[in-house]
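What follows is a short report on a single structure.
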Amino acid sequence: MPGNFIRSAWIAGALQAGLAVSSAFAATNSGRPDFSPDPGTGWISFGPEYMPVAGKPRPVAADPAHPFVPNAIEILSGQPNAKVSENSTFPVSDTTNPILQPWAREQLAKWNRQVLSGHPFYSEHSNCWPMGVPAFLLYPVAPVHFIQAANEVTIVWQGDHMVRHVYLNVPHSADPKLSWYGDSVGHYEGDTLVVDTIALTPRTYVDEFRTPHTDRLHVTERFHVVNDGKTMQVDVHVEDPGTFTTPWDAMQRYRRVSLGPLQEQTCSENNANYFNEPYEQMPEAGRRDF
């Protein structure tokens, strides 16, 4: 579509310009992380599940009786010549997790019953919907790119060009409207980018298991580079007293890749229903943006 092409070209141009700003910014602000040391740098997540943090309440995970095997697990592992797994499964959550309020537990149990009865569901991103925050950290396979400027960090997932804007060194908006990626503000603490997000629409889920949330969801992410620049780690703190009995913590890691500049990867071209399932239709715009 022309609109998608224009959007992709604009983002690609912004990425190139932003990377130049990033390099200059890092050179004059030693100690702050540079997530884009060259135009080809991107980051691919280790997988579509959060990693637990020792000693902290754990995020929702797979039911031990029904292990979750993503269809891209071999690709995500970084193995040479890896292919899509032939033993993949659909996610079935562990509803005994004590962080869940009763209504959230029942919502997950409903999804579990659907999968176990032979009617699987696909992830939000598979159907071209934004995943929200913190689920943005679970986008698989395609790389995430960073555009670091003096007053803003823009984070772009290459698949369907999902974009987050993080405004630096400013407070949250006085009256933020609920949106797919919320109201994100951030600052640097040494070698870490700290991002605080509120005002997230309950139309998104917290994870691939479709854990719900309310409009009280509050997420703090801490991005930093480890392993001699080969790995990016994101420490996540989640609060939502409307959904969870306690705040909980998790972690995501990414491996650094050099795949060249951001590529165009349109998801919902021609509104095709790739998986022929009735539960989540492709998003459609009712009117033009311009």
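Observations, loosely collected:
- For segment 109-227, the alpha carbon convex hull comes to 126 Å³ per residue, rounded to a whole number.
- The calculated FRET efficiency for the pair Leu168 and His119, based on their C-beta separation and a Förster distance of 51 Å, comes to about 0.70.
- From most to least packed by mean Cβ count within 10 Å, the peptides 189-195, 169-175 give 189-195, 169-175.
- Linear extension gain, Asp191 paired with Ala149, 0.36 nm per residue minus alpha-carbon span: 13.6 nm
Each value in this text was obtained by applying a stated rule to the coordinates, not by laboratory testing. The model shown is predicted, which means the values in this text are computed figures rather than measured ones. Quick reminder, even Gly has a Cβ in these numbers, built from the backbone with ideal geometry, and neighbours come from all protein chains shown.
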